Structure formats: C-alpha cells, structure tokens
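First up is the structure itself, then whatever we jot down about it.
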Amino acid sequence: MARIALVTGGMGGIGTAICQKLADCGHTVVTTYSRPGKEVEWLADQKEKGYTFRAYLCDVADFESCKAMAAKVLAEVGAVDVLVNNAGITKDTTFRKMGKVDWDVVLRTDLDSIFNVTKHFVDSMADRGFGRVINVSSINGQKGQFGQTNYSAAKAGMHGFTKALAQEVARKGVTVNTVSPGYIATEMVMAVKEEIRQGIIAGIPVNRLGQPGEIADLITFLAGDNAGFITGANVAINGGQHMF
Ligand code: CAA
C-alpha cells in the first residue's frame, strides 16, 4: 500500500538511496535538510532522475525545529506512516583529544534527534493503527570503534530507544526497528583517511564497502506491510564485519 514516508537527512549518500527506493515502491517521500540552499540542487537532480520529493528545513538536534517541520509536513503532505531516522554526523577523534563540543554535537544530532523527531509522529501512527519507525544506527554502535566514543555511544543508545518504544506501540500496529549498516561507500566513510579505510575494508569478509542501495532495500522492506512481525530488532548489514 502506498504510504507517506519521511526520511531525515535524505540528501546524504544513504538517505538519497532510501528516498529513491521508497518512491520506487510507490510511497510519497518527504525529506529534511539542515543546510539551507543544499535542497535546490538535490531536488533538481532528483527531478532529472524522475523523482519528485518534498524537502523541509529541519535541525534534528533541535526539538522546536522538528516540531515546526512536523506541523508543515502534516499540513502540506499529510500524516506520516513511515519515519526513517537517518540523519547523523561523525566527529571522529580519540577520547583523549575529544572536547565537550565534539561529544555534545554528536549526541544531540545522532541520539537526541530520534526523540525530537519521533515524538511528533508516533501518536498519530498509533491512532491510525499503522506505523513504521526505522532508526539508522551503525555497526559501530554494536562493536565500538577506535576514535568514535561519541558516535558509538549515540548509535548504541538508539537501539535502546528502539527496543523500549517497540514494546510501547506494538499493539497499535506500529513497528520500531534499528538498522545497523557497516561501512558503506558514502562521503562519511570516504572522509576516513585512505590507509585507515583500506585497513577497515580488509577486515570485511565480503571484501568491499556496502552500497547505499543495499541499505535502502532493507529499509524499504521493513517499511512495508509484510514486515509487521519484525519489531524491536537490530538488523545488521555489514558484509560480515561484525557477527553476533
Ligand atoms: N586500535 C588500536 N589502536 C589503534 C587503532 C585501532 N583501531 N587505530 C589506531 N591506533 C593507534 C595508532 O597505531 C596510534 O598508535 P601510536 O600513537 O602508538 O602510533 C594511535 O592509536 C593514534 O592513532 P591515529 O594516528 O590514527 O590517531 P589520529 O588522532 O591521527 O586519528 C582517528 C584518530 C581520526 C579516529 C583515526 O584513527 C580514524 O579515522 N579512525 C577510523 C574511525 C572510523 O572508523 N570512523 C568511521 C567513520 S564512517 C562511519 O562512522 C559510518 C558508520 O556508521 C560505519
């Protein structure tokens, strides 16, 4: 069934693929962006590829900004059935060198954001008897990563949220799941120094980075009507880099 889907941070590498695959399934797709101006080129580029998306300015780290975005989406598009909490950032540095600013900005953007955004949509999903909340975490929330105490903590925290909320809304037809991608060929991973990245790839059993479309396929399945029995799960998609 065609639904309304909101993807936060939908203009990044994984986000763009998620928007496209959800649209390919017939869903109406809305995304958020945090840097004014970025949307113009992205929307035009997507239009050229045959996709018509709507984009809303929103700082996911800021509760009031999310509230205003949610009100606009409701008024201009309709009630959101599928929420993909995808927006996230890194500020990699060893804990010894990490300042409070690097800690705070990652925790606010990657963890507080799931409260800030989800809060405005989940009641309506429960009232309507259908909803899908998909939180995009990371392999590094599962295994930890040298240089990412902030990011690993935020991404691990996400799954605690998933498990708790999943229990609260299960009877209302709303599922809540975490997806934990490994290293995917995106700008975020390409920002890691070449020799460090090559070392990471050498440790991935399938011997390559993942593709954004592979994450998007999984998310599209979890968003669908056939995934109603999957809730509170943390689905790993990492080329075998971390098995548990
Ligand atoms: N385990 C143990 N020791 C390590 C190590 C590791 N994995 N990596 C480095 N070290 C050691 C180094 O050998 C070095 O030791 P010496 O001082 O004895 O020489 C010491 O730790 C310092 O290492 P660096 O020189 O690398 O430190 P740096 O300050 O230059 O760089 C860093 C730190 C920026 C965090 C860098 O290590 C790095 O980029 N690491 C990779 C971080 C990473 O994987 N980020 C993922 C980004 S993508 C993403 O997050 C998406 C997703 O969800 C997967």
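Details
- Applying the criterion of at least 3 residues that are closer than 21 Å to Lys119 by Cα to the helices (runs of 4 or more DSSP H) found wholly in segment 10-94 leaves 63-76.
- Options Val136, Val105, Val122; residue that is near the ligand (Cβ under 10 Å from one of its atoms) and either hydrophobic (A, V, I, L, M, F, W, C) or crowded, with 24+ Cβ neighbours inside 10 Å (or both): Val136
- Criterion: away from the ligand (no atom under 16 Å from the Cβ) and either more than 17 Å from Leu6 (Cβ to Cβ) or part of a strand (DSSP E or B) (or both) - qualifying residue of Val189, Val169, Val176: Val176
- Residue that is nearest to Gln20 (Cα to Cα) [pool: residues in segment 209-233 that are touching a helix residue (DSSP H, G or I) at 6+ places or on another chain (Cβ under 7 Å) and outside any helix (DSSP H, G or I)]: Leu209
- Hits in segment 33-56 (condition: in contact with a helix residue (DSSP H, G or I) (Cβ under 9 Å, 6 or more places away or on another chain) and either of a type in the set (A, V, I, L, M) or closer than 14 Å to Glu76 by Cα (or both)): Phe53, Arg54, Ala55, Tyr56
- Looking across segment 192-212 at every residue that is within 7 Å of the ligand (Cβ to nearest atom) and open to solvent by 40 Å² or more (accessible area, probe 1.4 Å), the one that is farthest from Gly88 (Cα to Cα) is identified as Ile196.
- Inspection of segment 198-217 identifies at least one residue that is charged (D, E, K, R) and under 21 Å from the mean Cα position of the chain (by Cα).
- All of (1) polar (S, T, N, Q); (2) over 24 Å from Val179 (Cα atoms); (3) touching a residue at least 40 places away in the same chain (Cβ under 8 Å) hold for Gln46 with one exception: (3).
- Some residue of segment 219-228 being touching a residue at least 24 places away in the same chain (Cβ under 8 Å), within 16 Å of the ligand (Cβ to nearest atom) and either under 20 Å from Asp92 (Cα atoms) or not small (Gly, Ala, Ser) (or both): yes
- When segment 151-166 is filtered for residues that are aliphatic (A, V, I, L, M), away from the ligand (no atom under 13 Å from the Cβ) and open to solvent by less than 30 Å² (accessible area, probe 1.4 Å), the ones remaining, listed by number, are Leu165, Ala166.
- Residue in segment 7-16 that is of a type in the set (S, T, N, Q) and within 25 Å of Ser152 (Cα to Cα) present: yes
- Among the conditions (1) in contact with a His (Cβ under 8 Å, 6 or more places away or on another chain); (2) more than 28 Å from Ala79 (Cβ to Cβ); (3) within 9 Å of the ligand (Cβ to nearest atom), Lys143 misses just one, which is (3).
The values are calculated or read from the model by the stated rules, or taken from the named source; none is laboratory data. Quick caveat: nothing in here was measured; it's all calculated off a predicted structure. A quick note on method: Cβ atoms are made from the backbone with ideal geometry, for glycine too, and the neighbour counts reach across all protein chains shown. SASA here: full protein model, heavy atoms, side chains in, ligands and nucleic acids out. Shrake-Rupley method; radii C 1.70, N 1.55, O 1.52, S 1.80 Å.
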